[in-house]
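Derivation of every value follows stated rules applied to the coordinates shown; laboratory data play no part. Computed from a prediction, not measured in an experiment: that's the story for all the values here. Here Cβ is always computed from backbone atoms with ideal geometry, including for glycine, and neighbour counts include all displayed protein chains.
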Amino acid sequence: MRRLTRLLLLATAAVAARRIAAQGRFPPDSFTNLKVLPKNIDQRTLIATMRGFALALGVRCTYCHVGREGAPLDSLSFAKDDKRTKKVARVMMHMVMHINDEHLHDVPDRPKPLLEVRCATCHRGVVRPRLLDDDMTLTLADSGLDAAVRRYRDLRQRYLESGAYDFREGVLIEVARSEARAGRVDNALGLLNLDAEFHPVSAPIPAALGDVYLQKGDSANAIASYRTALSRDSTFGPARMRLRQLTRWGGGQSPP
């Protein structure tokens, strides 16, 4: 009798162990707690969808799912809703569905093939799809010019080839002009000098520098900046006009 009881216990334990192993297997045979994706979604489609999310945001599974980074996937608790990021992801999925199924559907005479919004449309490999000018403005407000310069260099090094941010010269020019209008002239000069470092043949950057120097009351550097702009683009009208005014007021010669 004891032997039979022992065998039954061992058999029960073996069955339980197999169930636990099956629950922890990756990919699992079935999925639970699906609230946006179809409950009958097949294994390959679900994994491809999750991989698409990860690539679009530049993250890994543990960004949304409970588990230790670097641990085997079969150890992650995919069904748990403990993380805020997973709850946000569901909201974003609903948003994309509404845009594609409702808003874009109402656009008249849509060309084919139909354009649809995806996660990567906004995120482009970053978690928070903030535009570069917004990022720079917030960093300036929160941490100052030095931090903004470091932030720009870091973003440029990491994302220059990915298309995640717009690193063309005009972005920092506009942020600098906004800082100048707010009276933060040193911030404007710092951003424009940073911009010039990466766009050494730009005409708009020295023209913008001339405007900021003029606002600061530094006519000598303003004139030098406008002349630099015209040496790079002789058709740059705003710089030519400013330089003509300054040299006339200063008794000098007008530009040719």
When H103, H123 are arranged by how many other beta-carbons sit within 10 Å of their Cβ, fewest first, they go H103, H123
What the 5 Å binned alpha carbon P(r) of the chain shows, as percent of pairs per bin from 0, is 1, 5, 9, 11, 10, 9, 9, 8, 8, 7, 6, 4, 4, 3, 2, 1, 1, 1, 1, 0, 0, 0, 0, 0
Helix 84-98 sits off the longest principal axis of the Cα atoms of the chain, rounded to the nearest 10 on a 0 to 90 degree scale, by 80 degrees
From the cross-link list K87/K112; K86/K112; K39/K80; K35/K112, the entries with a Cα-Cα span beyond 26 Å are K87/K112; K86/K112; K35/K112
The summed charge of the R184 Cβ neighbourhood (under 13 Å; Lys/Arg +1, Asp/Glu -1) stands at +1
Length gained if S234 through R181 is fully extended, taking 0.36 nm per residue and subtracting the Cα-Cα distance, is 16.4 nm
Exposed GluC sites (Glu not before Pro) being those in a DSSP loop with at most 14 other Cβ atoms within 10 Å, the longest stretch of the chain free of them is 162-256
With only helices counted (DSSP H, runs n ≥ 4, each -39500 (n - 2.57)), the per-residue ellipticity at 222 nm for the chain, to the nearest 500, works out to -19000 deg cm²/dmol
Under 5 Å from the placed amide H of V66, counting only residues 5+ away or on other chains, we find S77, K80
Helix 169-181 sits off the longest principal axis of the Cα atoms of the chain, rounded to the nearest 10 on a 0 to 90 degree scale, by 70 degrees
